[in-house]
Amino acid sequence: MSVVAASAARRGEWFLFAPVIFLSAFLLFQVQPIIGRFILPWFGGGSSVWITTLLFFQVALLAGYGYAHLVTRRLPQRTQAVVHVALLLAAALVLPIIPDEALRPDDERAPALRILVLLALTVGAPYVLLSTTGPLLQRWFTLAHSSRSPYRLYAVSNAGSLLALLTYPVLVEPALGLRAQAWIWSAGYLLFAAGTALVAWRTLRGVPVEAQASTPAPAAEVPRPPLATMAAWVTLPAGASALLLAATNQLTQDVSGVPLLWVVMLAIYLVTFILCFSSDTAYDAPVFGVTLVGASLYAAHLLFNPLHALLWQVISLGGVLFLLCMSLHGETARLRPAPRYLTLFYLLVAAGGALGGLFVGLLAPLIFDGTWEYHVAVWTAPAFVALVRWRWLVASKVRTGGAVLGLVVLGVTLLLHVRDHDGTVVFHDRNFYGVKYVSERPSEASGLLLRSVSHGQIIHGAQRMAPEHRRDAVAYYGERSGIGVTLRAYVDEGDRRVAVLGLGAGGLAAYAEAGETWTFYEIDPLMTEVAETAFTYLADARARGASVTVRHGDARRVLEQERDSGRLGGFDVIVMDAFSGDSVPQHLLTREAFEVYAAHLRPGGVVAVHVTNRYVDLTPVVRGAAAERGLSAVLVVDDGLEPDHFGSAWVLVTADEAFLEAIASSITPWAADARAPRVWTDDRADLYGVIEFR
């Protein structure tokens, strides 16, 4: 064969490997938001669902890299190819990647464990095998073309990953329903499996028969990386992974159900990988050493001075993530080994990613009573880089002193924020559903002692603690609010039946009278504990003779179970007040959700939807659901000018014209430039048309 022909053949082989690796990476990262969207409503819609999902995929990635390392070290190449293709075909038996309804939880117990089991059964096998593609096929490429570097294929893999993340929120999700996404992804997996089989066959043709039938021989001329270097392969990615999950948690605790926010942070993380591994000049250690310090201090500043505009939150948290991960991934890339240790390198990098994910996803909620994992991640990022660069640092007293001083100042600042409760917090605790703070201070507006409960930056209820004022309806539930207007107008001679989706402090129980039946639906056991022990609304209502119960579990799921078993509520009013941070879980506003509400609502009843929100305009969604059912939807806005009242917006949905006439003076006309009504379904809910970045 001529030199030209040989060169053309090598290029052909590269162009065979590259598309398969690109497709595997695309599928690997596109499946994450798809499956996240599927299970988000099953577990309450909070940010912890996405964090746990990321944790699963990081552990699955480690399993895939472990498999790749094992088979390339222990099996002849022909056996590797046969085993791998057989496993790819076997994994196709779980397709399509649509979660089985039998896996949907019936209660709130052990949500993190249930998510991990559900993901393992639904997508575990295909995902693990997809994750092997990068290291395994790059190893095959090295055996077939020992003189060529496989790291260009790593850049191809990262490009596929990034494209998957960027196209999902702007192209895939708006255009396709969830089930269609799952079927198309499953078809893509089959195409990938066929491509991998072709690569295996073509590669074996180019490898001598004796090499195919023997286990890989160790390359004695390439020394094994030192233990300290291999430790850095674990710690640096662990720091980056922990930072990704912790920063995502910070960003999405108030706006959890928006895949755009999920993928933006993950895309930033991936971009740093691509830059650091595709070019030796992208990471300049001295330059990024300076930005590392600046970004860490700015992250600490943001904790004390949080931003409220969503766009600036994304820019600030994303910028910090980018700069810190550039240093962590840049140092990792600087320490990458010769191709002989490629799969070991991938394995230890994946192990670090999994350890970072385990810390944020499982360990932090158990050992911290606040979201302090972000503080830990911000401090460990420069600390890990300093350890890796220690020899360079100690060569100069100025550099050594600056590094030590910077870490001390950063650590003290972060610790001060952990303790920064200004004496008003009387209780705080954390579980899977987030951190709850109960604060107590004299009200500047009324002068009365006011107790409130918050989740993230959002207050979820308040109560005046003086005995003679404990029944006062305050916060979002004053008499001029949409729900206050509804409950004052809708009196049923002591036999009123009210369902409230979301408990908060239990503030709506201030309206409960003797003989009435009030049922609260709450997924978070910690919120129930707070409402029953730190506030008196529920106990006081019971003392007045009202029947007040709290039913645990996802509100829609419990209502569906009650409907399916024939236990219809016959409610006069259904109050939709369930919030995850500052965002209503999407599955409570879909067409299917309103069908459930209609089954439980007596004829002429009212569905009152709390739409107060700084990030998402939910009014067009509620209006769309009402219009589809032939119901009226009216807006009631309270300016919150009365003492201890908060501004609020409620949309009231009903067919009762007499009720609408009775509250006519409280109705706020729809704005001329209001967004057009739209209908969400369980399969399709486009948030981008209603999100507020201001």
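Read-outs throughout are calculated quantities, based only on the coordinates presented, and are distinct from any laboratory measurement. Keep in mind that what you see is a predicted model, and the values were worked out from it rather than measured. Because the Cβ atoms are built from the backbone with ideal geometry, glycine has one as well, and the counts that use them run over all protein chains shown.
Structure data summary
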{"item": "Relative compactness, the stretch 473-666, computed as alpha-carbon Rg over 2.2 N^0.38 Å", "result": "0.94"}
{"item": "Length-normalised contact order of the stretch 226-420 in % [C-alpha pairs under 8 Å, at least 6 apart]", "result": "39 percent"}
{"item": "Fraction of beta bridges assigned by DSSP in the chain that are antiparallel (%, nearest 5)", "result": "60 percent"}
{"item": "Among 355-365, 397-407, the order from most to least packed when residues are scored by Cβ within 10 Å on average", "result": "355-365, 397-407"}
{"item": "Sequence of 21, 184 once ranked by neighbouring C-beta atoms within 10 Å, starting from the fewest", "result": "184, 21"}
{"item": "Cα centroid separation - the stretch 93-108 against the stretch 20-66, whole Å", "result": "15 Å"}
{"item": "Ranked packing of 306-312, 65-71, most packed first, by mean Cβ within 10 Å", "result": "65-71, 306-312"}
{"item": "The chain: relative contact order in percent, alpha carbon pairs under 8 Å with at least 6 residues between", "result": "14 percent"}
{"item": "Between the stretch 618-636 and the stretch 471-486, the Cα center-to-center distance that results, in Å", "result": "21 Å"}
{"item": "Debye intensity ratio I(q)/I(0), log10, the stretch 226-420, q values 0.12, 0.13 Å⁻¹ (C-alpha model)", "result": "-0.57, -0.68"}
{"item": "With Cα atoms, 0 to 90° folded angle of helix 133-144 axis to the chain main axis", "result": "10 degrees"}
{"item": "Hull volume in cubic angstrom per residue (convex hull over the Cα atoms of the stretch 18-98)", "result": "103 Å³"}
{"item": "Correct choice for volume of the Cα convex hull per residue in Å³ that was computed from the model, options (i) 208; (ii) 162; (iii) 185", "result": "(ii)"}
{"item": "GluC sites (Glu not before Pro) lying in DSSP loop within the stretch 408-487, provided at most 13 other Cβ fall within 10 Å", "result": "444"}
{"item": "Pairwise centroid distance, computed over Cα atoms, of the stretch 558-581 with the stretch 644-694, Å", "result": "20 Å"}
